[in-house]
Amino acid sequence: MAQSDTHVFNQDNDYEPVPYSVGIVKEYAGEKLWIPDIRDGEKPAYGMMYHSLEQAYEYYKDYAKRAGFEVRLGTQYKYKDNKDNNADIKYFVCSKEGTNPAPKVEAKSSKKKKRKHPSKRTDCKAAFRVKHIEGRGYWCYEFVEGHNHSLVSQEDSVFLVSSRDVSYTQQVFLYQASQVNLGPVKGFNLLRQIYGDYDFIGASSVDCKNYRREVGPNLAQDETFKRRISDIVWTDRIEPEEFEALWERLLVDLDLKSHEWLLDMYNLRHKWIPAYYRDELMSGLMRTSSRSESENNAYGRLTSIDLTLWEFYNHFDSVVGCQRFAQRKNDHDSRYTIPDFHTELQIEKEAYELYTRAIFFDVQTEIYASVIACMSVSVSDFDSGKKYVIQDTGEDEQISRRHRIVKGRPLYDVFYEVLCKPGEELYQCSCKRFESYGLLCRHIFYLLRLSKVKNFPKKYVLRRWSKDSLPPASVIQATGDCPDMILREIFRSVEYCVNRYADEPELLQKFRDHQVQLMAKADADVPLPKKTNKRDRIASILGVSQPEETIVNVPKQVLCKPGEELSQCSCKRFESYGLLCRHIFYVLRLSKVKNFPKKYVLRRWSKDSLPPASVIQATGDCPDMILREIFRSVEYCVNRYADEPELLQKFRDHLVQLMAKADADVPLPKKTNNRDSGKRRKKNCTTCKSSMNDHNQAKCNAIKAQIAAKKASDKAAAKEMKQKARLVAKNAKLAEKTAARNANLAEKTASRKVKLAEKTACVVT
């Protein structure tokens, strides 16, 4: 090991991790607690009364959402003399209450890849407990405010489960989008454009989903080839000389010495084989093409080759917004979830505090392997330090697949040299994992445990892999009275009211009638709306201007015979599409032909290519029609007030007042299961064929009984017919058998008579 390789990078790393903390930190009895920064009067307190258990639960959930934690239903108790279904004592606890059970130890030979499920449990004692008082409701008899974990910042509160819910109007929108073959992810992206930002949607793309290269054809199917080439290509634990020897052996064993593609790839080995990059600082870039493929997919979904520069810029901004939102979501998961620890080492726990969730899983694998797969073979003094030789038994198992095995043992074992200088906190391994990726290897973790080093060496923590590699994301929300914000607030307030009245049909109809009245008021406020040129409006939306100069290309050659009404053009537009081109129209105008040549009108493009279609319009007060009328009336008013900013602001303020009225009309909206909301969109009952909104269950049950009786009658009749047919066949078979027996008997009788006559004649003679 050369001395020049000792400090590849990061020798002067002065990075100091900053712990993530939200809330007022206090200490009680030596324990650190986080207190939500909520004023008195806006949080639960001893002695507060609630009319029902649901009201107490909703109050605590609202407090938890503002404080930055989630609520879970806890234990409940019921007295023996209580004859009602109501609980006498109910606990509401923090979602991090309790501890996570120890992970199950699976057999080492198991090939099934275990999915990693991080836990949120920290044995938090924060709770809200209420007791039932007869005739009065529920009163708070205990409120534990302190949490033993950091809270969630206001910017990241959108990632809490309590803040994620696909509302009724969003469910209707996703259902209607599916009718035009738009999946949940595209529907989610459309919602983002409608609402203005992801924070306003209240759900993630996963929630929307829940709601609804080639080597050769023969060689690619060879499992032996795929396994062996993967073992020598996608690994950074072998030297270039070893790679070349293993590649040569692979070609010889599988008779691929003349394979052109493999020979070409081998000539380019210095550019893509990880074994040749072991001394380079790659920091995670040496992975498969999945990263570039992910980028191509992200940009390919929102861009195309037909976009203008301005449209591409807007679409690019949308993609960047998606990535920033995903980054915030990953940061939230790293801070708010706790993984299953595989060892009792303090280093593993500190690694969780330092690294992001994805990087920690890589580091955790190495820490665990240092315990079960590494052992020290020898130690020697080296330049004011010590050099250890570490055997990696876990690597032995992988190497045995790449080499021939003799009597159950590999041809050679795997050893690594680790240089250790505790005084300088210097650790360097010949596997060069840290030099390549910036992450410590299992061999150094083994040496740290052997040297009784309990704390994680901060010198070897790169900022790019830490939780605070980026500053806290500041959510920039547009404010003011710009037209775009006013429109978003108008539609957001209307949607809020619709979701509030979703299970109250009468109130929903009244809200619809009120919106219709607002349409009449909009007509009175703006009798004649200003007319804006369509081109100017489109240009203002796109942020472009019309070109001052229009370039006209030289016309094509056109053959024209007016007497025969024959016109042909070298562009052959009519021959290809059945439509005349601009060049023929120019010749017609030049020839003073006023009427359109009917000869060149194809029936398939004409207005009467199909008979007139009858339009069936839905009527009545079904929820779907009410929703359409509400949003249609709001859109009408917005279009009416489009060029009147003051009236548009007043209309916005009026709808905001309606939100408060909706809260007063429906203090606690009914909770509807997603399946129930799906039924609400169902048009007719499959049994009685009536509308699900006016469904009569008794009538439906009677029809079901009639259908069941008819089925039973038809089944009995069919069974009786089968029995009759079986009896007729049996009788026919019996008659046939009797006739055959009688014929046989008559034949025997006649034969006897003939024999008797012959015998009598012989006697007489």
With every protein chain kept in place and a 1.4 Å probe, region 338-471 has an accessible area per residue in Å² of 48 Å²
Rounded to 0.05, the calculated FRET efficiency for the beta carbons of Glu736 and Ile707 at R₀ = 56 Å is 0.85
Quick calc: nm separation of the 7 Å Cα→Cβ label points for Asn100 and Leu602 -> 6.4 nm
In nm, the gap between the two label points placed 7 Å beyond Cα toward Cβ at Phe382 and Gln517 is 8.7 nm
Interchain or sequence-distant (5+) residues whose placed amide H lies within less than 5 Å of the amide H of Asp37 are Ile24
By accessible area (1.4 Å), largest first, Lys421, Lys349 order as Lys349, Lys421
From highest to lowest solvent-accessible area (probe 1.4 Å; ligands, DNA and RNA excluded), His149, His342 read His342, His149
So for R0 = 22 Å, FRET eff. of Val252-Phe415 from the Cβ-Cβ r, to 0.05, ends up at 0.20
So Asp663 and Ser304, fully extended at 0.36 nm per residue minus their Cα-Cα distance, gain in nm 124.8 nm
Simple SL model, points at 7 angstrom along Cα→Cβ for Ala29 and Glu504; separation in nm is 4.6 nm
Quick calc, Ile194 & Ala698: beta-carbon distance into FRET formula, R0 56 Å, rounding 0.05, result 0.85
About its Cα centre, region 338-471 carries a charge dipole, from +1 on Lys and Arg Cβ atoms and -1 on Asp and Glu Cβ atoms, whose size in debye to the nearest 20 is 180 debye
Amide H contacts under 5 Å for Met48, restricted to residues at least 5 apart in sequence or on another chain and with H modeled in the peptide plane, are Cys140
In whole percent, the fraction of accessible protein surface over region 338-471 that belongs to carbon or sulfur atoms, probe radius 1.4 Å, stands at 53 percent
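The values are calculated or read from the model by the stated rules, or taken from the named source; none is laboratory data. The structure displayed is predicted, hence computed values, not measured ones. When we count neighbours, we look across all protein chains shown, and the Cβ atoms used for this are built from the backbone with ideal geometry, even at glycine. Note: accessible area is taken over every heavy atom of the protein model, side chains too, but ligands, DNA and RNA are not part of it. Shrake-Rupley method; radii C 1.70, N 1.55, O 1.52, S 1.80 Å.
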